[in-house]
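The values are calculated or read from the model by the stated rules, or taken from the named source; none is laboratory data. These numbers come from a predicted model, not from an experiment. Positions of Cβ are generated from backbone atoms using ideal geometry, with glycine treated the same way; all protein chains shown enter the neighbour counts. The accessibility values were calculated without ligands, DNA or RNA, using every heavy atom of the protein model including side chains. Shrake-Rupley method; radii C 1.70, N 1.55, O 1.52, S 1.80 Å.
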Amino acid sequence: MASIFTKIIKGEIPSYKIAENENYYAFLDINPLAKGHTLVIPKNETDYIFNIEDEEYKGLFAFAKKVGIAVEKVIPCKRIGITVIGLEVPHAHIHIIPINSIYDMDFKQPKLKFSNEEFIRIASDIKSEYEKL
Ligand code: 5GP
């Protein structure tokens with residue numbers, strides 16, 4: 001059965017899309033730890049990130065770098081934190097999270113809530129910056 005993220009890539013489930021190319025897709029996390037919390041995924045569905053072959057793996061991180069640079073142009077923060085967890089969704093993904101302290105990377109923190117309009121605005125602002133890179 002296709003993962004929820006494969007359904008997002010195919011447009012069967014909506015997402016707040018940031019960027020996409022032939023092999024990768026980036027969209028806002030629906031339960032964000034921070035404003036601008038973004039997920040970057042390969043279009044090929046692989047559960048465990050270390051099972052991705054090297055070229056695709058390198059491409060995933062290069063794509064995530066560009067997305068992260070776009071996020072930090074929109075969201076004021078000290079750094080962009082990147083992490084891979086993968087305990088919930090069995091489709092490899094990189095979390096891109098604007099942070100000001102190490103605690104901002106703590107997934108036990110309460111998640112933020114945004115309205116549909118706010119999510120659309122955040123995604124659109126980051127998308128615009130991404131397209132300038
Ligand atoms: P992990 O697998 O890295 O432990 O966590 C999966 C992440 O995907 C979580 O941060 C969760 O909020 C996010 N997530 C799960 N389902 C969806 C979804 O349907 N849409 C979006 N945009 N994010 C999701």
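Here is how the numbers come out for the structure above:
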read-out	value
Number of the condition not met by residue 76 [criteria: (1) more than 16 Å from the ligand (Cβ to nearest atom); (2) under 21 Å from residue 5 (Cβ atoms); (3) in a loop (DSSP other than H, G, I, E, B)]	(2)
Pairs, first more than 13 Å from residue 94 (Cα to Cα) in region 26-53, second more than 10 Å from the ligand (Cβ to nearest atom) and acidic (Asp, Glu), C-beta under 7 Å, six or more apart	33/104; 34/104; 44/56
Near pairs, Cβ below 8 angstrom, 6+ apart or cross-chain, from region 109-126 (over 13 Å from residue 37 (Cβ atoms)) to any residue that is assigned to a helix (DSSP H, G or I) and open to solvent by less than 50 Å² (accessible area, probe 1.4 Å)	125/74
Checking residue 27 against (1) surrounded by 21 or more Cβ atoms within 10 Å (Cβ to Cβ); (2) away from the ligand (no atom under 14 Å from the Cβ), the condition it does not meet	(2)
Region 89-133, residues that are within 15 Å of the chain's Cα centre (by Cα), among the hydroxyl-bearing types (Ser, Thr, Tyr) and open to solvent by less than 50 Å² (accessible area, probe 1.4 Å)	130
Test: residue in region 44-58 that is more than 11 Å from the ligand (Cβ to nearest atom) and crowded, with 19+ Cβ neighbours inside 10 Å	no
Answer from 33, 39 - the residue that is open to solvent by less than 60 Å² (accessible area, probe 1.4 Å) and either more than 20 Å from residue 133 (Cβ to Cβ) or of a type in the set (Gly, Ala, Ser) (or both)	33
Number of positions in region 2-24 that are more than 11 Å from the ligand (Cβ to nearest atom) and crowded, with 18+ Cβ neighbours inside 10 Å	3
Residues that are closer than 16 Å to residue 46 by Cα and in a loop (DSSP other than H, G, I, E, B), drawn from region 80-120	84, 85, 86, 87, 88, 89, 90, 91, 92, 93
